[in-house]
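Input: a single structure, listed below in structure tokens.
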């Protein structure tokens, strides 16, 4: 890494100071003249016919300007969750928005909500996978299941499954399967077979900032301008345009600073708010309360995985069979197939057969949450891998190394894995003092567990632009929202390529009208795709600068170099021109050179998968069942560490969310579909005291072929293996295997007994 | 023109509907949370020492938050008018801002202003050119004249004059001269010599919207965001950064819709408002009242030209000598040399000698106003040309054709004229029915006069970007403010090049952080420079689209064409893909093609001069001296008429302002430097009833070498010859020659007597 001047240096976030000083503006900070505040009337039933909504009393509340219901909304096919808008005739989950009260203040809107009388005719609801699949179960979509959200595609890769989705009048939203070889003979070959059913619950992304949107209509054009806490301004633009039935060029979306997204802010209520603003002809602001966020956003789905693994005596896997059921909630999410895909891709298995079923229930619909599905898959897969190791008395890391997929190995769909470092992260963990010293930990009564998991990574075309200002600063213009330090990473990469110090680079995000296209800040792809476009644009900007200097000095471009903020002739340090002076020559009346303005355009053809291996060291209180996580080691292949500081932050942040999966978090519903955990008083997000005292990260760099400087996305992988590592550590400490997340103290205690 | 599909079609302004419907947002419409309104305390003396400013009473006014004076401003060298900020120690014109009262409303600020007590020690002031140049005249800048604004450069071309500016302790801001051949022998050769002294007054740009600025400080970075009614966001960015002493990358300027600029909005009070916002840490809004706009903005300067012309019997000019004095007001404007340049460039004269002097007086400083200096120059030159024609009994158009400069002829500085159509506009006017039928008009007691004049045109590097959206709309991103239909012109040009209908193009202006660089919307250069960048970007975008389609269809790019919003294979109309579908392939998860995102970068090396020939038909009331303009014919070479509708609007608008110069407008000062015409009750801007009943335009197209499709800038030329044509028409009607503008009824009456 000594070849690089800026990338690889731990660098604080460029926007960190503004954030900690309170200067960053978030969507809820916006005040538009004439703006109305929205507050939902939400369904109290999980399933009911709506017989009537009496809004008269609400309209009499001072400050209430309007009460909108489905009849004020475009009557469109609900072909996505965000197109449900306001419930039309029937509600299908408790918490579903039925009406939107608009008032001059949030308090007045809330007062209005209290005055709304909804006449429900309650209907039977099913809220679990088994109940939903039962004969004669009430159907969420009796007239046919709408097309799915395609979240698998949006977060992983297009999956070419064997079976196409089936659509009939049932609560089955879709089914997929993958297979290879002969599973029966595979298991016949096996000398050890392990098997289990694993469940992971509905968990919430739990961003500090709730869903927040402001929309302003343009009464003249019918267009709308939105400011939103969103990971994906361009997707919001498209969806709002589609819902309103206008060209996307008439929708302008500014992606505001995001107070946490984690997959949950890829567009949800923006079309509703835009339609509301159009309906009343005034700006409308909707900021969900925490309760609404829990009731009516888009948390991660409950998953049940039945898995069976067979291995030879030497540990080589011979067969895998799996069955995934994913509770989509009320709207098709189409993710189960991707779980099946991951199940059969992470390890080399010659014979496998995996099935998946997306199931509809009368609950809030599911959304993406950091590496969607991966924590569930790895929890199942790596719990059983440890059982195989146990049964065969093989070192668990060696067993994984023996079976880990390598670049070129076929994934479940037969496509080869691109370059990736599953093996390398395992090797690094094997060499880590925490693993080498595991016997000492055990001697202290602790259990040590490991796991490995990852994220295939996504791709999406992206563009970027670079301009040089007269102060010598390189301005980098991108359309991707910064969730996790990508602006800082772009700064380092552009500085590296352009040849200046990072403080001479500014990254600008604007809006969908003027920013170069980028996809959602999701799928661990911003650095990999938009970053590559930034590198290309910065390289081109440098060429433009050199070509101006070459003309000024009458030398060849090859004889020039950028040093200390100036272009100079190699070997003639006195012959130099400052970058700002070059810009000034191209940005003034009568100037003879075109402005320095460069573009980058990227379409990555392959993904850049990222793997993380983790080690957990736990102590289990046999009296209470409480699990104390003493140590967590997070090893990750990041391809190239552009900014080790933010990467370590991502690794620790992901693993901390993994701790939540493992030990604390669950959205609990009663049998009627009523959410029992509707606030952070009832729903346990890990706090700083729940993180391990010893929290270590180790960066591995297996360069990706196409990433900028070899970088891979880093955001999602670290959440994948944490729960499995902790489960394996609990098993190591206690001999008991928990197959349901979260592994709360009561559950552990009950298993211990 | 039949080869073109979109350019050349008269097209209403793309932003016209929003403007007439009241949907356009102007700077004064902005409301920022916590914003303060500013109101000036202006000097009541043209020259005085400031002994003290008592703000205590003002601060007690409810709503007043602060009163700023020079001590709250950066103490910088006043090296531009806008750097005077608030008067420091001394005032140098009546109307100069001394303090800025900031309050929660404009009314409260105004109340505060009334409570300010300024202690002046009045000093003698000089307010005319002759008084300012007199021995022992009080000096505007006794400690040395600051460097000039360089407006000549900003509106024409760099002028290489013989003599460099002289700077000493005097009221002379600068002097220039140009000469060629031997003037004495030139006049000796002449068979007729005419001579005169011409004056044109201070006139105001009279935009409907006054100077309007909002600035918001960023307390964390020290940076500032501005929204301004400005022709030049990038120049404002630079000037504000320089005044505040921060990098320009920390200043973000949004050019708002401009309610009229005409040269007067290239940056004036933005640094003051930015400094004020920083001083109080709150957003500050300054919207000048009409009186402040008249008192303290930057109107066109008073000019005096002494001119002598010699010609042979056949009409060939043999010699020209001239002396230009330009009253800069209190700050150097450096324009006089450019007037001298134009005087000696428009006609071929083998022997000439022209001098110019920029003079400082205790009045508001001058600014640019549509073709700065050209109306004055053409008034002098073409009045004398008519006298030559008269004396030699030569047809005035033929005389002009005989002497008109042609492409390749040397300008005053020896550089050759680029392609231009001075001759062609004269020929078109010669063939116009109004000229052919002039005897009939004369028979009705009217006078007919002609004139020709133009504008050399400016250049400035510019960039532009184009992106294709999923709705098939091509988004064009530029940094130039639309004053006069440039967005509509860009729309037509981009549509032409890209191969779509104009409604499939959107032009986006953003701000200096994200927009491609463009210079000021001034100098008749936006279409010529930024337009060329737009054409280049649209062409490149089309190539990108074709290359994606070529890969999709597996055909060569050459076999593809864009027809009806789709790319199709030539000869195979069934094999087609919609533009929106191409965009969608490049703007979606897993897309294999990079987004369509193209740039254009232009640095024009030559200008594109524009000439207008005009004919005025007048009737003079011999009882009142009132001049009735019956007919005005405006012929102009526009290179290529991108949008004839807006071009005709520009031609008529420019000529209407020329009518103001000719007959009505004058800012009158008394001997103490007090403005006597401080409102539109006292200052006569022509109204619709002052425009001619018959107002005709004729477009001539002599393509420029480098302009997009051959286009030239059109904004400035049409104001140049109007006053001269009207003066010549008055002379034709009455035999009297008026040499002072405006030719008001009392002046005409007095001359008639």
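Using Cβ counts within 10 Å as a stand-in for footprinting exposure, how do A:262, B:709 rank, fewest first?
Taking fewest neighbouring Cβ atoms as first place, the list is B:709, A:262.
Take segment A:258-414, drop everything but the C-alpha atoms, weight them equally and run the Debye formula without solvent; then report log10 I(q)/I(0) at 0.11, 0.17 Å⁻¹ to two decimals.
Each listed q corresponds, in turn, to -0.56, -0.98.
How far is residue B:592 from itself in the other copies, in nm, if each label sits 7 Å out from Cα along the Cα-Cβ line, shortest first?
For residue B:592, the inter-copy label distances come out at 4.7 nm.
Starting with the highest mean, order A:507-520, B:455-468, A:22-35 by the number of other Cβ atoms within 10 Å, averaged over the residues of each peptide.
B:455-468, A:507-520, A:22-35
Could you work out how far the C-alpha centroid of segment A:292-319 sits from that of segment A:173-234, in angstrom?
Cα centroid of segment A:292-319 versus Cα centroid of segment A:173-234: 14 Å apart.
Calculate the mean, over all residues of peptide A:464-473, of how many other protein chain Cβ atoms lie within 10 angstrom of the residue's Cβ.
6
Over all directions, how big on average is the projection of the convex hull of the alpha-carbon atoms in the protein assembly as shown, in square nanometres?
61.4 nm²
Can you tell me which of B:560-569, A:521-530 comes out highest on packing, and rank the rest after it, using the mean Cβ neighbours within 10 Å?
Descending packing order for the listed peptides: A:521-530, B:560-569.
Determine the gain in length on full extension of the stretch residue A:570-residue A:751; use 0.36 nm per residue of separation and subtract their C-alpha separation, reporting nm with one decimal. Present the calculation step by step, with values, prior to reporting the outcome.
Numbers: separation 181, 0.36 × 181 = 65.16 nm, distance 7.22 nm.
The residue A:570-residue A:751 span can extend by a further 57.9 nm.
Using the 10 angstrom Cβ neighbour count as an exposure proxy, how do B:45, A:47 rank, fewest first?
Least crowded to most crowded, the residues run B:45, A:47.
Once the piece of chain linking residue B:501 and residue B:443 is laid out straight, how much longer is it, given 0.36 nm per residue of separation minus the C-alpha distance between them?
The residue B:501-residue B:443 span can extend by a further 15.9 nm.
First check a/c for segment B:558-607, with a ≥ b ≥ c the square roots of the eigenvalues of its C-alpha gyration tensor; if it is under 1.5, answer rounded, and if not, answer prolate when a/b is larger than b/c or oblate otherwise.
Cα axes put segment B:558-607 in the oblate bin.
Largest first and to the nearest Å, give the Cα extent of chain B along each principal axis.
Projected onto the principal axes, the Cα atoms of chain B cover 81, 73, 46 Å.
In whole angstrom, note down how far apart the Cα centers of segment A:644-723 and segment B:75-151 are.
Segment A:644-723 and segment B:75-151 have Cα centres spaced 63 Å from each other.
List the equivalent ellipsoid semi-axes of segment A:217-278 in whole Å, largest first, each obtained as the square root of 5λ for an eigenvalue λ of the Cα gyration tensor. Let's see the in-between values first.
Numbers: eigenvalues 81, 21, 18 Å².
Semi-axis lengths for segment A:217-278 are 20, 10, 10 Å.
Where does segment A:460-602 land on the Kirkwood hydrodynamic radius, alpha-carbon pairs, in angstrom? Walk me through the numbers before you get to the answer.
Working: mean 1/r = 0.0656 Å⁻¹.
For segment A:460-602, the Kirkwood estimate is 15.2 Å.
Restricting to Cα pairs below 8 Å that are 6+ residues apart, what does the relative contact order work out to for segment B:460-602? Please round to a whole percent. Working shown, then result.
Details: 297 pairs, mean separation 50.5, N = 143.
So the answer I get is 35 percent.
Could you rank the peptides A:392-401, B:491-500, A:598-607 by their average count of other C-beta atoms within 10 Å per residue, with the highest value first? Mind dumping the intermediate values first?
On the way: A:392-401: 18.3, B:491-500: 25.3, A:598-607: 22.7.
The peptides rank, most packed first, as B:491-500, A:598-607, A:392-401.
Quick check on the exposure proxy: order A:701, B:248, B:191 from fewest to most C-beta atoms within 10 angstrom.
On the way: A:701 19, B:248 27, B:191 14.
Final ranking by Cβ density, sparse to dense: B:191, A:701, B:248.
Over all residues in A:595-607, what is the mean tally of Cβ atoms on other chains that come within 10 Å of each residue's Cβ?
Values: counts 16, 4, 13, 3, 9, 2, 8, 2, 9, 4, 2, 0, 1.
Rounded to a whole number, the mean comes out at 6.
Distances in nm, one decimal, shortest first, from residue A:17 to the same residue in every other copy, taking the label point 7 angstrom along Cα→Cβ.
Copy-to-copy label distances at residue A:17, shortest first: 4.7 nm.
Which whole-angstrom value gives the distance between the alpha carbon centres of segment A:367-409 and segment B:434-492?
69 Å
Counting each DSSP H run of 4 or more residues in chain B as -39500 (n - 2.57), what helix-only mean residue ellipticity at 222 nm follows after dividing by all residues, to the nearest 500 deg cm²/dmol?
Details: 21 runs with 199 residues, N = 753.
Counting only the DSSP helices, I get -7500 deg cm²/dmol.
Running Debye on segment B:463-540 with equal point scatterers at the Cα sites and no solvent, what base-10 log of I(q)/I(0) appears at q = 0.21, 0.22 Å⁻¹?
-0.83, -0.91
Taking 0.36 nm per residue of separation and subtracting the Cα-Cα distance, what length does fully extending residue A:134 through residue A:558 add? Could you put the intermediate results ahead of the total?
On the way: separation 424, 0.36 × 424 = 152.64 nm, distance 7.29 nm.
Result for the pair: 145.4 nm of gain on full extension.
Report the relative contact order of chain B, percent, no decimals, based on alpha-carbon pairs under 8 angstrom and at least 6 residues apart. Write out the running numbers ahead of the final one.
On the way: 2052 pairs, mean separation 117.2, N = 753.
Taking the mean separation of contacting Cα pairs over the length of chain B, I get 16 percent.
May I ask you to derive the relative contact order of segment A:625-684, considering only C-alpha pairs under 8 Å and at least 6 residues apart, and to give it as an integer percent?
22 percent
Which whole number gives the average count of other chain Cβ atoms within 10 Å of the Cβ atoms across peptide A:230-241?
Other-chain Cβ atoms within 10 Å of each residue's Cβ, averaged: 2.
So the label point sits 7 Å from Cα along the Cα-to-Cβ vector; using that for residue B:414, what distances do you get to the other copies, in nanometres, sorted shortest first?
Reported distances to equivalent positions: 7.8 nm.
FYI, it's all coordinate maths here, none of it is from the lab. From a predicted model like this one, the values you see are computed outputs, not experimental measurements. A quick note on method: Cβ atoms are made from the backbone with ideal geometry, for glycine too, and the neighbour counts reach across all protein chains shown.
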